[in-house]
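Here the structure comes first, spelled out in structure tokens, and everything after it is commentary.
The values are calculated or read from the model by the stated rules, or taken from the named source; none is laboratory data. All values derive from a computational prediction rather than experimental measurement. Cβ: placed from backbone, ideal geometry, glycine included. Neighbour counts: every protein chain shown. Please note that ligands, DNA and RNA were not included when accessible areas were found on the heavy atoms of the full protein model with its side chains. Shrake-Rupley method; radii C 1.70, N 1.55, O 1.52, S 1.80 Å.
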Amino acid sequence: MLFTPESGLAHHCLLISRCLLYPSYVSFNCLLSLYITTFQEEKTPNYVLLKKIFLTPVYAAFFVLFLPIMLVFLPIRCALLYVRRPFMCSQHHTPYTDWQTQVLKNAIDKGFHKFGVATANLCLMPELASKMNHLTNVSYRARKIGEKIITSQFFDREWEKEELEMKMYSSNIEAKSCRENGLIGCAGDNTENQQKPVDQCLEGDVSTDFPVVDVFAIQEAWSSYQNKLLIQQLQKIFPYIVHDAGVHAFRNNAFFLNSGLLIASKHPISAVDFKAYTCFVKHGKLLSNGLLMTQLLLGSSKANNRNRYIGYVFNTHLQSYQGKDQIIPKQLDEMLDWIKQFKAENTKFGDIELFCLVCGDFNFDNFSPADRESSQHPLFTEFSDFCRVQANLDKSWTVGTELRPEFMHDNIVSTPEGLKTVLEDQALRQCHLVDADIVEHCKEAIVTGTVKKDAQGNVLIFPEGGRRRIDYILSGRSSPLNVAGYHFVTKLATLTDHIPVAMEFTCPKLH
């Protein structure tokens, strides 16, 4: 399906219904949020009590006031969501993004562009659900996250194009030199049965900032109201955005929340689709978790202008807290089938596929006993995970990406620099990140699990401590990449409960 911005009567009716439902949405969320206490609020019980006493009648009155409007327009909203296409597209160009597009085109035409991709779970959901995850102020966080992402990407507009191109060229010459000396790993060669020694491969790092990226994949951007604040920021640098993806039906998500998936791209998006997983349990029945699929148009071959350079980016969010049910492997089966189908439907004769990436929050790590079946899934025979040595073993430099809610607002992790220090120290990391030794997928083990200590109260160091890495960037083995950088990014400290990851790479097929 082609990337086309939204238009038409149905789209405008949906916008109007959402606007009319907004007061009910806010008052309902604020009312119930008063009775959900975060770890931070537990430290000030008197303040929480006063809020309940004074604000409960206020929010309740507003909710009752707007209840008639909600009863009328909520069914209309559900009907419009049912018949619309399962995603929304936004296209916004500025003089800066036009200049940026031309610079990228010139770099790709010359064959020395270094690509970048990042993925982040942002926990942007209705305030009620956000507080269940011990995060508050969704509107503030949405705007702040967008600002932080943009500041990491924004070039000084007064730079000359040649200077930027030379910077790109120099970085790729350096990457080429490293590859020739065996310092950079090739993602396509990272097979389970033939591994390069870790010390001969590029080691990832913990970074306080995002590298320059071409594509940003986001999960848990569930709130359509707060997403506007995020998208307004992202559009300053990413002119093409796919968002509000989800299939709405009683059998799927009961018309509650969409998938929360969003893809922002600096390159034109030539095809889009979304499919919702058919296997889910518990709270998954209220979500439209699935796979958001995009094809990027990157340029054309110098040898033949009719041969397009294309790239595929898939974004997903798998079942959380699946318990003893093996839901994730079933979702991975569906994911593989949909990827093959989408590529078959949208690849034209003569197309040159530069990369195929799968990003997202997979909700399983490569160590935990509860995740053995998922970590050994056939997905990893067709896609390469640069952080992985083999099933049940990550490279020594990897860290976890899931923060302990109880400690994610501590002063020591309140800044990107502080969080970086924690991730690089094994004892501190175990105090603030979830361990990769989960026996059963349940909230008690993952969210409220305790830090392991010895009899003297010292942190008990062990290999899987603080290494529950559930956020992935996978690359298709059919289009090998030369990985030039892999980063665990602390830029969004205190704004989300995940550690974003980013990868830089060059494409051997680009010439």
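First compute the accessible area of the chain with a 1.4 Å probe, then give the percent of it belonging to carbon and sulfur atoms. Carbon and sulfur atoms account for 58 percent of the accessible area of the chain.
A compact globular protein would have a Cα radius of gyration near 2.2 N^0.38 Å; the ratio found for region 243-310 is 1.50.
Roll a 1.4 Å probe over the protein chains and send me the accessible area per residue for the chain in Å². Walk me through the intermediate numbers first.
Details: 21190 Å² over 511 residues.
Result: 41 Å² per residue.
The longest stretch of the chain left intact once loop-based GluC sites (Glu not before Pro) with at most 12 other Cβ atoms within 10 Å are removed from consideration, loops following DSSP, is 161-511. Residue-normalised convex hull volume from the C-alpha trace of region 299-375: 95 Å³ per residue. Between Asn304 and His93, what is the spin-label point distance in nm, taking each point 7 Å from the Cα along the Cα→C-beta axis? Label at Asn304, label at His93, 2.9 nm between them. Spatially, region 456-470 and region 62-79 are offset by 48 Å when compared through their Cα centroids. In this structure, the residue pairs whose Cα-Cα separation is over 30 Å, taken from Lys340/Lys509; Lys144/Lys330; Lys395/Lys491; Lys51/Lys285; Lys43/Lys491; Lys131/Lys285, are Lys144/Lys330; Lys51/Lys285.
Would you mind computing the Rg to Rh ratio of region 37-148 from its alpha-carbon coordinates, Kirkwood style for Rh? The partial results should precede the final answer.
Working: Rg = 22.2 Å, Rh = 19.5 Å.
Across region 37-148, the Cα-based Rg/Rh ratio is 1.14.
Roughly speaking, what % of Cα-Cα pairs in region 364-503 are separated by over 24 Å, rounded to a whole number? When all Cα pairs of region 364-503 are counted, 31 percent exceed 24 Å.
One Cα centroid belongs to region 110-140, the other to region 295-327; the line between them spans 19 Å. Counting only Cα atoms, the chain measures 68, 67, 47 Å along its principal axes, largest extent leading.
Take every Cα pair under 8 Å in region 1-144 that's 6+ residues apart, average their separations, divide by the length, and report that relative contact order as a whole percent.
Values: 93 pairs, mean separation 54.2, N = 144.
It rounds to 38 percent for region 1-144.
What does the charge add up to near Asp437, with Lys and Arg as +1, Asp and Glu as -1, over the other residues with Cβ less than 15 Å from its Cβ?
0
Counting only complete DSSP H runs, which helices of the chain cover 30 Å or more along their long axis at the Cα atoms and score a mean Kyte-Doolittle of 1.6 or above? Provide the component values of the computation, followed by the final result.
Working: long enough: 9-33 (34 Å, 1.02); 45-83 (48 Å, 1.68).
Length and hydropathy pass: 45-83.
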